[in-house]
Amino acid sequence: QVQSTVFKPEYALKCGLEIHTQLNTGNKLFSQSTNSATPLADVPNHHTSFYDVALPGTQPVFNLEAILFAMKLSLSLNSQVNMVSQFDRKHYFYGDQPQGYQVTQHYRPFARGGKVNLSRELDGIDESSKDISIAQLQIEQDTGKSHYTDTGKDVVTLVDLNRSNVPLIELVTNPDFSDIKQVKAFIKKYQNLVRHLHISSGDLETGAMRVDVNLSINEFARVELKNLPNTSSIINAIKYEYQRQVELISRGETDSLLEPETRGWTGSSTVKLRSKETTIDYRYMPDPELPYINLAPDIISGVAASMPELPDDIMRMLMQK
Amino acid sequence: MPLKRSLKQPLQRLSDLQSKYNIFTSINTAANKEQTNKPLTNYVASIKDNIVTKDLPTTCASHMLENFKSPYDATVVKLLKQAGVHILGKTNLDEFGMGSGGIHSIRGAVINPLYPHEQRMIMGGSSSGAAASVVCDLVDFALGTDTGGSVRLPACYGSILGFKPSYGRLSRFGVIAYAQSLDTVGILTKKIDVLRKVFQVLDKYDAKDPTSLNDELRGLIEKNMKAKKSLKIGIVKEFNHESLPNEFHQLYPSFLEKLVNLGHEIYPVSIPSVKNSLPIYYTLSPAEAASNLSRYDGIRYGYRDSKLDIKDGVLFAPTRFKFGREVKNRIILGNYNLCSDAFKNNFIKAEKLRVNLIDEFDRIFKFPNVLTDSKGNPEGLDILLVPTSSKLPETIKKFQEEESKSPANSYINDVFTVPMSLAGLPTLSMPLKEKTPIGVQIVGQYGDDSTVLDFVESIS
Amino acid sequence: LGSYRLASTGGAKIGKKFETMDQIKAYLSEPVWSVHEYLGTNVEENTLRLPPVELVKKLLRLSGLPLEGVDIEAIQMQLAKQLSFVNRLHNIPVEDRTSVEGYDARLMPRQTTKLNYRMLLDAVKHQKQDADIGEVSGSWTATGLAAESKNGYFVVREGLLKNRK
């Protein structure tokens with residue numbers, strides 16, 4: 001069924017992506033504990049400082065290397081870097097969230113705007129050229145990792161905080177995608193870019209890059225798709241969800257599409273995780289102790305001058321020869 | 001000079017005072033190592049039990065951290081140890097620093113040693129044990145924490161000195177957060193020279209604390225300092241309010257007369273925004289507290305429910321149920337203030353009004369404010385005088401009754417102390433009369449701690 | 001009694017120097033305001049607007065506190081009293097200097113040093129791990145303080161995951 005999905009013009013797909021990219025800085029975001037490049041081989045909870053485990057009395061100290069990496073990415077996407085940005089707390093309880101909140105950027109993110117150009121020539125999309133615009137880029141900390149074990153009687157989660165406080169960049173695109181090829185091409189291109197800039201391994205398999213999808217059809221409410229471990233599940237989840245919604249619309253059963261909801265991917269279908277009524281209120285609060293990021297203008301020109309030539313420019317140059 | 005006898009504290013006296021006044025949460029039984037040639041050799045101190053220590057448990061007087069032992073020392077503790085201080089024990093407090101009576105502790109209320117213990121008078125909070133340890137002469141000085149008055153009120157009720165330095169001067173690394181935008185470490189003692197020495201040892205930039213005042217700004221403050229004999233002193237109109245005790249009215253004029261005779265000038269001053277301080281404080285501080293206390297879930301350290309980590313679909317509820325009543329009240333209020341609907345009306349509004357308050361203080365002080373870039377008012381004042389408390393200590397029973405009628409009844413105890421916390425001003429509460437729980441606060445501009453200390457020294 | 005009204009902000013003023021002790025005494029003897037009246041702490045319980053039960057339940061959930069076995073009515077009353085106090089903020093006008101930003105409320109420099117390119121590279125180069133605060137991998141056992149752990153992992157007993165809200 002998934003393979004045979006046909007995208008019909010009368011059911012217009014509107015889709016945007018939220019991509020979390022782990023930065024391969026030497027140390028973590030608000031402590032100097034090791035940001036391990038080989039998470040699978042690690043002893044659990046080995047790379048954790050007192051801060052990473054949220055011991056009482058610990059405080060965050062910002063690792064400026066994350067600025068360097070975020071700056072490189074922002075400049076290569078033509079995003080507008082905010083000369084002053086700030087960290088905010090996003091609150092929710094979870095076993096692998098040791099502080100009970102994640103430090104992220106909500107009110108004044110690191111950068112806004114910018115775009116990625118996709119073309120038939122370089123990316124194999126149907127249109128000759130298409131811009132995917134960027135809403136914003138924010139620096140934030142990763143959570144730990146949960147391993148679920150089901151003993152039959154009850155569920156126990158084993159929590160490893162090696163990943164806790166690893167720097168992430170969350171990139172949010174506008175809902176500019178109108179078909180699957182564009183999504184595929186964008187992910188590939190973005191992956192290639194972060195590797196080229198040496199800021200991340202960009203691997204979906206290891207979780208170094210994680211993609212959530214926002215999707216809506218014909219101005220119905222937005223559905224967010226989560227837990228998409230690789231490119232094929234991203235593609236298949238979009239196809240499945242498109243098909244599911246088209247069927248609901250064509251049958252006139254659109255009640256469930258009026259409110260936004262969050263759905264997960266099981267490997268063969270999407271399932272509802274939560275709807276609006278149970279949506280968590282994250283209670284964003286400006287972090288009361290982290291200083292604002294205040295940039296001097298020369299930082300932009302400095303980083304720009306240090307950047308390698310971008311992949312698209314190299315390709316175009318090669319093709320002109 | 002340190003109290004020589006406290007070095008070899010007869011254990012009997014210590015345990016006698018402990019059973020009467022409930023001062024400590026834990027006592028260091030190790031003998032004092034004799035050290036020489038350190039700035040604070042032979043000094044004995046107590047540490048409030050929301051400041052982490054390697055050698056003694058850190059409980060915050062909460063079930064959530066019963067039996068918790070930190071793997072590291074707070075920077076302030078480290079500095080004291082390096083200076084040769086002997087730490088006698090950790091002191092009782094209102095759970096996580098939340099309270100003004102010193103009664104909200106899993107170890108029970110601290111009793112004020114200024115009164116016969118049978119009377120069961122409150123010590124004031126939240127640094128209740130810290131104050132009591134000084135009042136009883138068990139230590140030369142105590143470290144407390146002051147978020148909205150928690151050092152100054154118990155110091156006043158114990159008729160001792162309580163100093164809350166400028167925000168950011170003493171490191172908060174290892175100080176368990178209540179509301180970081182306001183939390184400060186403070187010093188309680190009977191003697192101004194001891195206070196000064198301890199302050200000098202602790203007054204250092206700490207890279208581990210992102211809010212620590214950096215060396216560049218410390219240098220700038222130093223440059224702005226001018227020694228002066230005669231000060232321009234302001235009495236703030238808005239702190240003149242009807243509920244001040246008669247005893248204050250009796251003692252205060254002669255104190256002022258003494259200052260006039262010493263050649264100081266006294267001015268009336270109006271700072272209208274101080275009237276807004278309590279609603280600002282009780283919007284911001286519970287919000288920060290709700291956020292800071294969300295890490296106590298039992299998973300990684302501290303108390304944990306023996307059976308469950310989830311109840312009624314709420315993760316960690318079985319463990320977090322063990323927070324005390326007052327802490328729960330503030331968490332709920334804090335989350336209300338942070339919810340998207342209230343955030344703009346309450347939290348943001350409170351922040352803006354806090355800016356107004358800071359700006360008003362800037363307008364009346366002569367000393368520049370290095371944080372706001374205020375150049376200082378050339379015609380401005382050097383210090384302000386503010387009563388410390390609107391009430392005398394009352395019995396624990398009466399305090400509990402008032403508080404159970406409305407939480408606001410105990411919040412009002414902070415009316416004279418909170419404005420300076422919001423602006424981060426160096427403030428020292430000193431008794432107006434020996435062994436009498438009536439105090440006045442000496443307030444300086446941000447960063448101008450030395451004028452406050454000099455002044456108190458000059459009149460002591 | 002005008003002075004009982006909400007404070008207008010911005011009017012910080014220093015008056016004329018006191019010349020005599022009598023002037024000071026007279027100044028001190030005029031009570032300016034009543035904190036109870038100002039903050040509405042003397043309102044009657046029956047005039048308070050109670051926050052709805054659903055809101056209280058939502059707040060308990062967000063606070064990580066149990067919903068069962070708690071006195072919801074008491075929490076409603078408690079919150080109502082707290083709010084009658086903090087909501088006084090709503091009617092206080094903010095003084096309009098060019099633009100008052102909440103950002104400036106923190107007790108840190110309003111104008112922090114701007115990070116330039118050289119400082120950035122310098123900071124990146126001079127990163128140092130501190131074993132005193134557990135930053136060196138393996139320098140302490142993170143699960144050593146936990147009531148329960150398994151094979152070096154922290155353990156969360158989720159019960160039945162489906163019951164999660």
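The values are calculated or read from the model by the stated rules, or taken from the named source; none is laboratory data. Every value quoted in this text rests on a predicted model; they were computed, and no experiment measured them. Every residue, glycine as well, gets a Cβ built from its backbone with ideal geometry; the counts of neighbours run over all protein chains shown.
Could you tell me whether B:His249 is surrounded by fewer than 24 Cβ atoms within 10 Å (Cβ to Cβ) and farther than 30 Å from B:Ile412 by Cβ? Break it down stepwise before answering.
On the way: surrounded by fewer than 24 Cβ atoms within 10 Å (Cβ to Cβ): yes; farther than 30 Å from B:Ile412 by Cβ: no.
When the stated conditions are applied, B:His249 does not pass them.
Let me spell it out: the conditions are (1) in contact with a helix residue (DSSP H, G or I) (Cβ under 8 Å, 6 or more places away or on another chain); (2) away from chain A (no Cβ under 14 Å); (3) among the aromatic types (Phe, Trp, Tyr), and B:Tyr267 meets all of them except one. Which number is the exception? Only one criterion is unmet by B:Tyr267, namely (1). Contact map, the stretch B:206-221: first residue more than 9 Å from every other protein chain (Cβ to nearest Cβ) and more than 15 Å from B:Val76 (Cα to Cα), second residue surrounded by fewer than 18 Cβ atoms within 10 Å (Cβ to Cβ) and not β-branched (Val, Ile, Thr), Cβ cut-off under 7 Å, separation 6 or more or different chains; pairs are B:Asp215/B:Tyr205; B:Arg218/B:Tyr205.
Residues checked against (1) more than 20 Å from A:Gln138 (Cβ to Cβ); (2) hydroxyl-bearing (Ser, Thr, Tyr); (3) more than 17 Å from the chain's Cα centre (by Cα):
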residue: A:Asp160; (1), (2), (3): yes, no, yes
residue: A:Gly207; (1), (2), (3): no, no, no
residue: A:Asn230; (1), (2), (3): yes, no, no
residue: A:Ile235; (1), (2), (3): yes, no, no
residue: A:Lys239; (1), (2), (3): yes, no, yes
residue: A:Glu261; (1), (2), (3): yes, no, yes
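Exactly one residue out of A:Asn236, A:Asn192, A:Asn214 is at pLDDT 95 or above, under 24 Å from A:Ile125 (Cα atoms) and surrounded by fewer than 19 Cβ atoms within 10 Å (Cβ to Cβ): that is A:Asn192. Restricting to the stretch B:52-101, count the residues that are within 13 Å of B:Ser26 (Cα to Cα) and among the hydrophobic types (A, V, I, L, M, F, W, C). Total meeting the criteria: 8. In the stretch A:261-303, what residues are assigned to a helix (DSSP H, G or I), within 8 Å of chain C (Cβ to nearest Cβ) and either modelled with pLDDT under 90 or crowded, with 20+ Cβ neighbours inside 10 Å (or both)? Passing the criteria: A:Thr278, A:Ile299, A:Val303.
Mind listing whichever residues of the stretch C:82-95 are facing chain B (nearest Cβ under 7 Å) and either surrounded by 12 or more Cβ atoms within 10 Å (Cβ to Cβ) or not in a helix (DSSP H, G or I) (or both)? Passing the criteria: C:Gln82, C:Phe85, C:Val86, C:Arg88, C:Leu89, C:Ile92, C:Val94, C:Glu95.
Answer with yes or no whether A:Ser133 is away from chain B (no Cβ under 13 Å), surrounded by fewer than 17 Cβ atoms within 10 Å (Cβ to Cβ) and closer than 24 Å to A:Ser200 by Cβ. Steps first, please.
Numbers: away from chain B (no Cβ under 13 Å): yes; surrounded by fewer than 17 Cβ atoms within 10 Å (Cβ to Cβ): yes; closer than 24 Å to A:Ser200 by Cβ: yes.
The answer is yes for A:Ser133.
Cβ-Cβ distances below 7 Å connect the following pairs, each with a first residue in the stretch C:21-49 that is at positive phi, a second residue that is surrounded by 15 or more Cβ atoms within 10 Å (Cβ to Cβ), and a separation of six or more residues or different chains: C:Gly40/C:Ser84; C:Gly40/C:Phe85; C:Gly40/C:Arg88.
Looking at the structure I just gave you, is B:Gly324 more than 11 Å from chain A (Cβ to nearest Cβ), in contact with an Asp or Glu (Cβ under 6 Å, 6 or more places away or on another chain) and surrounded by fewer than 22 Cβ atoms within 10 Å (Cβ to Cβ)? Walk me through how you get there before you give the answer.
Numbers: more than 11 Å from chain A (Cβ to nearest Cβ): yes; in contact with an Asp or Glu (Cβ under 6 Å, 6 or more places away or on another chain): yes; surrounded by fewer than 22 Cβ atoms within 10 Å (Cβ to Cβ): yes.
The answer is yes for B:Gly324.
For the stretch C:140-155, a residue qualifies if it is among the charged types (D, E, K, R) and either touching a helix residue (DSSP H, G or I) at 6+ places or on another chain (Cβ under 9 Å) or on the phi > 0 side of the Ramachandran plot (or both), and exactly one does: C:Lys150.
Sort out which residues of the stretch B:253-303 are under 25 Å from B:Ala342 (Cβ atoms), of a type in the set (Ser, Thr, Tyr) and not in a loop (DSSP other than H, G, I, E, B), and write them in order of number. B:Ser273, B:Ser277, B:Tyr281, B:Tyr282, B:Thr283, B:Ser285, B:Ser291, B:Ser294, listed by residue number.
Among residues of the stretch B:229-257 that are farther than 23 Å from B:Gly380 by Cα, those with a beta-carbon under 9 Å from a residue that is loosely packed, with under 14 Cβ neighbours inside 10 Å and hydroxyl-bearing (Ser, Thr, Tyr) at least six positions away or on a different chain give the pairs B:His249/C:Ser29. If you take the residues in the stretch A:1-33 that are in contact with an Asp or Glu (Cβ under 8 Å, 6 or more places away or on another chain) and without any contact (Cβ under 8 Å) to a residue 40 or more places away in the chain, which one is surrounded by the fewest Cβ atoms within 10 Å (Cβ to Cβ)? If we take residues in the stretch A:1-33 being in contact with an Asp or Glu (Cβ under 8 Å, 6 or more places away or on another chain) and without any contact (Cβ under 8 Å) to a residue 40 or more places away in the chain, then A:Gly26 is surrounded by the fewest Cβ atoms within 10 Å (Cβ to Cβ). Residues in the stretch A:222-238 that are assigned to a strand (DSSP E or B) and not basic (Lys, Arg): A:Val223, A:Glu224, A:Leu225. For the stretch B:29-52, the set of residues classified as modelled with pLDDT of 95 or more and either touching a strand residue (DSSP E or B) at 6+ places or on another chain (Cβ under 6 Å) or within 24 Å of B:Met121 (Cβ to Cβ) (or both) consists of B:Val44, B:Ala45, B:Ser46, B:Ile47, B:Lys48, B:Asp49, B:Asn50, B:Ile51, listed by residue number.
What strands (runs of 3 or more DSSP E) completely inside the stretch B:139-245 contain at least 1 residues that are more than 25 Å from B:Thr25 (Cα to Cα)?
Details: elements: B:141-146, B:161-164, B:184-189, B:232-236.
In the stretch B:139-245, B:232-236 are the strands (runs of 3 or more DSSP E) which contain 1 or more residues that are more than 25 Å from B:Thr25 (Cα to Cα).
Listed by position, the strands (runs of 3 or more DSSP E) inside the stretch A:34-128 whose residues that are modelled with pLDDT of 95 or more and of a type in the set (S, T, N, Q) number at least 1 are A:101-104, A:115-119. Listed by first and then second residue, the pairs linking a residue in the stretch B:154-178 that is within 13 Å of another protein chain (Cβ to nearest Cβ) and on the phi > 0 side of the Ramachandran plot to a residue that is buried (at least 24 other Cβ atoms within 10 Å of the Cβ) and assigned to a strand (DSSP E or B), with Cβ atoms under 6 Å apart and 6 or more places separating them unless they lie on different chains, form an empty list.
For A:Val246, the test of being buried (at least 17 other Cβ atoms within 10 Å of the Cβ), of a type outside the set (S, T, N, Q) and more than 13 Å from A:Asn214 (Cα to Cα) is passed.
Mind checking whether some residue in the stretch C:68-81 is within 28 Å of A:Pro56 (Cβ to Cβ), within 7 Å of another protein chain (Cβ to nearest Cβ) and either among the acidic types (Asp, Glu) or part of a loop (DSSP other than H, G, I, E, B) (or both)? Before the answer, list the steps.
Narrowing the stretch C:68-81 to residues within 28 Å of A:Pro56 (Cβ to Cβ): C:69-70, C:75, C:78-79.
Add one more test, that the residue is within 7 Å of another protein chain (Cβ to nearest Cβ), and what stays is C:75, C:78-79.
Checking the rest, the ones that are also either among the acidic types (Asp, Glu) or part of a loop (DSSP other than H, G, I, E, B) (or both) come to none.
Looking for residues that are within 28 Å of A:Pro56 (Cβ to Cβ), within 7 Å of another protein chain (Cβ to nearest Cβ) and either among the acidic types (Asp, Glu) or part of a loop (DSSP other than H, G, I, E, B) (or both), one finds none in the stretch C:68-81, hence no.
Filter the stretch A:145-175 down to residues that are buried (at least 20 other Cβ atoms within 10 Å of the Cβ) and in contact with a Gly (Cβ under 7 Å, 6 or more places away or on another chain) and give me whichever is farthest from the other protein chains (Cβ to nearest Cβ). Only one residue fits best here, namely A:Thr173. Residues in the stretch B:292-337 that are out of contact with any Leu (no Cβ under 6 Å at 6 or more places or on another chain) and of a type in the set (Asp, Glu): B:Asp297, B:Asp305, B:Asp309, B:Glu326. Among the residues of the stretch A:208-221, the one identified as in a loop (DSSP other than H, G, I, E, B) and touching a Pro at 6+ places or on another chain (Cβ under 8 Å) is A:Ala221. Looking at the stretch B:35-70 only, could you name the residues that are surrounded by 24 or more Cβ atoms within 10 Å (Cβ to Cβ) and of a type in the set (Lys, Arg)? Within the stretch B:35-70, just B:Lys48 meets the criteria.
With respect to the conditions (1) within 16 Å of B:Gly174 (Cβ to Cβ); (2) part of a helix (DSSP H, G or I), B:Phe68 lacks only one, and its number is (2).
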